[in-house]
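Heads up: the structure comes next, in structure tokens.
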Amino acid sequence: MEKSVYLDNNATTKVDKEVVESMMKYLKDDYGNPSSLYTLGQNARSAVEDSRKRVASILNCEPRDVFFTGSGTESDNIAVKGVARRYKNKGNHIITSAIEHHAVLKSVEHLAKEGFTYDIAKVGEDGIVDVDHLKSLIKPETILISVMYANNETGAIQPIEEIGKIAKEREIYFHTDAVQGAGKLTLDVKKLNVDMLSLSGHKFHAPKGIGILYKRTGINPIPLFHGGHHELSVRPSTENVPYIVAVAKALEIAYRDIDEHRAKQTMLKERLKAGITKNIGNILLNTPDNSVFNTLNISFVGIEGESILFSLDEFGIAVSTGSACTSGSLEASHVIMAMGRDHTTSHGSVRFSLSKYTTEEEIDYTIDKVKSVVEKIRKISPYK
Amino acid sequence: MEKSVYLDNNATTKVDKEVVESMMKYLKDDYGNPSSLYTLGQNARSAVEDSRKRVASILNCEPRDVFFTGSGTESDNIAVKGVARRYKNKGNHIITSAIEHHAVLKSVEHLAKEGFTYDIAKVGEDGIVDVDHLKSLIKPETILISVMYANNETGAIQPIEEIGKIAKEREIYFHTDAVQGAGKLTLDVKKLNVDMLSLSGHKFHAPKGIGILYKRTGINPIPLFHGGHHELSVRPSTENVPYIVAVAKALEIAYRDIDEHRAKQTMLKERLKAGITKNIGNILLNTPDNSVFNTLNISFVGIEGESILFSLDEFGIAVSTGSACTSGSLEASHVIMAMGRDHTTSHGSVRFSLSKYTTEEEIDYTIDKVKSVVEKIRKISPYK
Amino acid sequence: MYSQTVMDHFRNPHNVGKMENPSGVGKVGNPQCGDEMIIYIKVENNVITDVSFETFGCVAAIASSSMTTDLIKGKTIEEALALSNKEVADKLGGLPPLKMHCSVLAEDGIKMAIEDYRKREEEKKNEQKI
Amino acid sequence: MYSQTVMDHFRNPHNVGKMENPSGVGKVGNPQCGDEMIIYIKVENNVITDVSFETFGCVAAIASSSMTTDLIKGKTIEEALALSNKEVADKLGGLPPLKMHCSVLAEDGIKMAIEDYRKREEEKKNEQKI
Ligand SMILES: Cc1ncc(COP(=O)(O)O)c(C=O)c1O
Ligand SMILES: Cc1ncc(COP(=O)(O)O)c(C=O)c1O
């Protein structure tokens, strides 16, 4: 395979060279334990606290409200389970949405086994949460609402500010899984009206295995781990100093250059959309207008996504069908289904997700290959 | 500070150059998500599964029984909380020891809030668990025993095989926190009679932020995180491929060269012990004969550990007092206290922990500096 | 994840397409599971002289269709009925556990097509009787 | 973690040692907490003409002892009693929150030594009266 066109940046991203460089010092030389009192340890401590400050300045919050975790999944789990378990005496009802990542959905389902009840807010055909429906689900015993910022499969941006306002009025804790918003949308927690927010480094050119949790001072989730005093006991474990430095650096870079990224990727996404729409019949757009600038999800009616994926892989093009995070199951994407699409359409959904490294030439190459691949597979299909 | 003598390898270790090299490919180029089906993803998948096999061969278990986690603390928490919660219908009693790391102790204390009861096995003056006492604590409702393999502060090796046999006879699940045993003692889980075993990469020259959990097939802890299908759902989160490759490599290196490490470090530890004993009066040895080859813990009676630590730091020597993992609290080490030492002695305990990088020259330099530092601080102290 | 043989059959599937005037047709699977398969057979003197398929499905489904149709072409009805999904998977160099159902689907497709053929023959006989 | 001033005082603590024939002695802290401090003062005409200490404790405890004894040397009893731990910590360029109790300990040590001095004076007067 000569060519390599990576269009699966919602699954994971290439680590930025600048980011790799920033962390090497802490991987190789300043290897001290930040809890150690001697110089080598305190150098590591400074790196961690400096990183916390950098993240806080992007989230517009206090450094003490920023916590480093081991993944986006972990951040989601601390927020959802931790808050539900801590405040269960206030009420046992949780609201989430039909299009959440499994890290939130399965956490909520697990809480149901611990005596919590929950309701799921519907989304419209555009994949955007129906705020009126969500509002109607609120009960006196509702303690937590968790709605994602941008959907990983469709890119649809959710009305977080609005839901945040409602939650605040009713004194309900509000968490957003902002994993797919990082580097694409503002992460200003005050503007967003959120009490908690989760991020995952590997979605914005930091390595896999580092997450961020913002939680407002005064909210005290029961931790998932018990142990030492690290991260104010919210997340004990010796700090992963290199990755902490990396994730702060990556977040900084993402927002430093965001205007440029937005302009370029918006243009490329439109080019991809136009190219596919013009050249291939019988498709269905799963990405609404109000979406993050890097994501385009399209169903190729009558054919199945995995066969498209493997065919494009032959040409060095990486895309996903459904969520990469949910592969391993054979179910059609719960996100596309929630939008009211039928099974065949859901199975035929393909997600193209761009990054700052995507080029115009790659997009044109992709349009060409998608066209021939879809034609070929449609020939085999009973649905023409 | 010109000189740098790192003698705090039980707190954390320098990442081995070979280990750094092994992971760079996955940090920089093969950045695919192992759950992705296209080539780039499958390359990452192969790396993860290959690493799992390498670890399994050192643990003498099936690859499917090896799980990668985000830290030693996380492994301990999955094992202890996960098993207790899963099997609570079988019984609600847990036994652990007085010298466990907080990752185990605080997990057990937390479980007490969920309705579990627990008992703590005593240790002798040598810091080794009293097996007869432990045995006497077993009740019909005991479901879990968790005893560490080697203590992080004293290096004392615990009678794991023997406790494992007892646990097996009584059909009680048995977990060992083997974090301080890695690279020093056998990790053969069959020989050790353990059902679960926890490791932390940064204690054997892999980076901080990667842990390993062995669990025997058939034991199904309730996971701490819910989410995708990663790691058989025992630990969902996009896999930290670079660190997974690194931790497998580091474990391999540790056991590849273990005879050499044992010989050299045993010699250096004896040299350090002899040097201090000969040159400094009024000391108390906290490390028993049956200990890991890299650890020497000594109390300098009449003076306090932190002041020794900072004074040695001035000479570029890194040691710890109590456990680095428990700093942030002002309590005397619960480990040294459990051995029946008084408070003053506990506060004066200093841990020297060697690694394969420690040299004879460093040891001699350390003996010299410890001598002068202790003399100086004793001059200030009311206890001479 | 897939064997070389699976990928070869997926890339260049054999016996693709709708058949004009088949002797029997088998339609199995359902789009809810993401797989649907139509098998067409032409039978002459109890021998399957031609076979083709149309499949909506994943790589394994398409490769299984291709391999299965290859395997029964030129076989007698009885031989074709004896074909097991295990045999199909083996010939493909194995399938991932989660994808074994695709080979089952192909086996079912063939059985259904043969059943359809037999029903048609029965009907023809009945018509002739009338 | 510690300020430069703290480290300077820790490295070269002033006024170290047991005093012969002190006017008053204050002993505070306890080894359970890891800190113990003995303050010795010499008083002449209501002025603290000499002061020294012995401390078992951490860097902050030793630095606080050194700074506090510096600060009260040459002061009147009343001036010495007015010294607050906050002042000691400030002069040291700040202390980590977890270590503020060390400066409290030093303040208490001084107060205790002065109290001891006063008690001795009282006793002396009583002895004279008899
Ligand atoms: C015995 C023991 N268990 C568990 C841990 C926790 O490991 P980690 O820092 O990777 O969470 C440590 C060290 O920190 C340890 O020494
Ligand atoms: C929206 C969303 N939330 C959570 C996650 C989980 O993040 P991680 O893989 O770091 O656990 C992902 C991606 O995997 C995601 O897209």
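Key figures for this structure:
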| read-out | value |
| --- | --- |
| Test: residue in the stretch B:228-248 that is away from ligand 2 (no atom under 16 Å from the Cβ) and more than 14 Å from every other protein chain (Cβ to nearest Cβ) | yes |
| Scan of the stretch C:90-105 for residues that are more than 13 Å from the chain's Cα centre (by Cα) and in contact (Cβ under 8 Å) with a residue 12 or more places away in the chain, ordered by number | C:Lys91, C:Leu92, C:Gly93, C:Gly94, C:Leu95, C:Pro96, C:Lys99, C:Met100, C:His101 |
| Checklist (1) hydroxyl-bearing (Ser, Thr, Tyr); (2) in contact with a Cys (Cβ under 7 Å, 6 or more places away or on another chain); (3) without any contact (Cβ under 8 Å) to a residue 40 or more places away in the chain applied to C:Ser64, failing item | (3) |
| The stretch A:1-24, subset farther than 18 Å from A:Arg54 by Cβ and more than 9 Å from chain B (Cβ to nearest Cβ), residue farthest from the chain's Cα centre (by Cα) | A:Glu2 |
| Checklist (1) within 12 Å of another protein chain (Cβ to nearest Cβ); (2) at pLDDT 95 or above; (3) closer than 26 Å to A:Ile157 by Cα; (4) touching an Asp or Glu at 6+ places or on another chain (Cβ under 9 Å) applied to A:Lys356, failing item | (1) |
| Single unsatisfied condition, B:Val19 versus (1) modelled with pLDDT of 95 or more; (2) out of contact with any Lys or Arg (no Cβ under 6 Å at 6 or more places or on another chain) | (2) |
| Residues that are aliphatic (A, V, I, L, M), away from chain A (no Cβ under 14 Å) and in contact with a Leu (Cβ under 9 Å, 6 or more places away or on another chain), drawn from the stretch C:68-107 | C:Leu71, C:Ile72, C:Ala80, C:Leu83, C:Val88, C:Ala89 |
| Qualifying residues in the stretch B:1-60 (those that are in contact with a Ser or Thr (Cβ under 9 Å, 6 or more places away or on another chain), within 16 Å of ligand 1 (Cβ to nearest atom) and of a type in the set (A, V, I, L, M, F, W, C)) - the one farthest from B:Glu231 (Cα to Cα) | B:Leu7 |
| Looking only at the stretch B:359-384, and only at residues there that are hydrophobic (A, V, I, L, M, F, W, C) and closer than 30 Å to D:Lys18 by Cβ, the one that is surrounded by the fewest Cβ atoms within 10 Å (Cβ to Cβ) | B:Ile367 |
| Qualifying residues in the stretch A:1-15 (those that are out of contact with any strand residue (DSSP E or B) (no Cβ under 8 Å at 6 or more places or on another chain) and crowded, with 20+ Cβ neighbours inside 10 Å) - the one farthest from B:Leu40 (Cα to Cα) | A:Val15 |
| Residue match in the stretch B:130-141 (condition: crowded, with 21+ Cβ neighbours inside 10 Å, within 14 Å of another protein chain (Cβ to nearest Cβ) and away from ligand 2 (no atom under 16 Å from the Cβ)) | no |
| Counted residues, the stretch A:280-312 - those being of a type in the set (Asp, Glu) and at pLDDT 95 or above | 1 |
| Hits in the stretch B:21-36 (condition: among the hydrophobic types (A, V, I, L, M, F, W, C) and surrounded by 20 or more Cβ atoms within 10 Å (Cβ to Cβ)) | B:Met23, B:Leu27 |
| Members of the stretch B:161-218 found to be of a type in the set (S, T, N, Q) and either without any contact (Cβ under 8 Å) to a residue 12 or more places away in the chain or within 16 Å of ligand 1 (Cβ to nearest atom) (or both), listed by number | B:Thr176, B:Gln180, B:Thr186, B:Ser198, B:Ser200 |
| Some residue of the stretch B:118-125 being within 24 Å of the chain's Cα centre (by Cα), under 30 Å from B:Asn297 (Cα atoms), crowded, with 17+ Cβ neighbours inside 10 Å and within 15 Å of ligand 1 (Cβ to nearest atom) | yes |
| Residue check for A:Glu314: acidic (Asp, Glu) and either in contact with a His (Cβ under 8 Å, 6 or more places away or on another chain) or surrounded by 20 or more Cβ atoms within 10 Å (Cβ to Cβ) (or both) | no |
| Sole exception among (1) touching a residue at least 12 places away in the same chain (Cβ under 8 Å); (2) within 11 Å of chain A (Cβ to nearest Cβ) for C:Arg11, by number | (1) |
| Looking only at the stretch A:249-266, and only at residues there that are away from ligand 2 (no atom under 16 Å from the Cβ) and among the aliphatic types (A, V, I, L, M), the one that is nearest to the other protein chains (Cβ to nearest Cβ) | A:Ile253 |
| Hits in the stretch A:62-80 (condition: more than 16 Å from ligand 1 (Cβ to nearest atom) and either within 22 Å of A:His202 (Cα to Cα) or in contact with a Leu (Cβ under 6 Å, 6 or more places away or on another chain) (or both)) | A:Pro63, A:Asp65, A:Val66, A:Gly72, A:Thr73, A:Ser75, A:Asp76, A:Asn77, A:Ala79, A:Val80 |
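The values are calculated or read from the model by the stated rules, or taken from the named source; none is laboratory data. Predicted model only: the values in this text are computed from it and were never measured. A quick note on method: Cβ atoms are made from the backbone with ideal geometry, for glycine too, and the neighbour counts reach across all protein chains shown.
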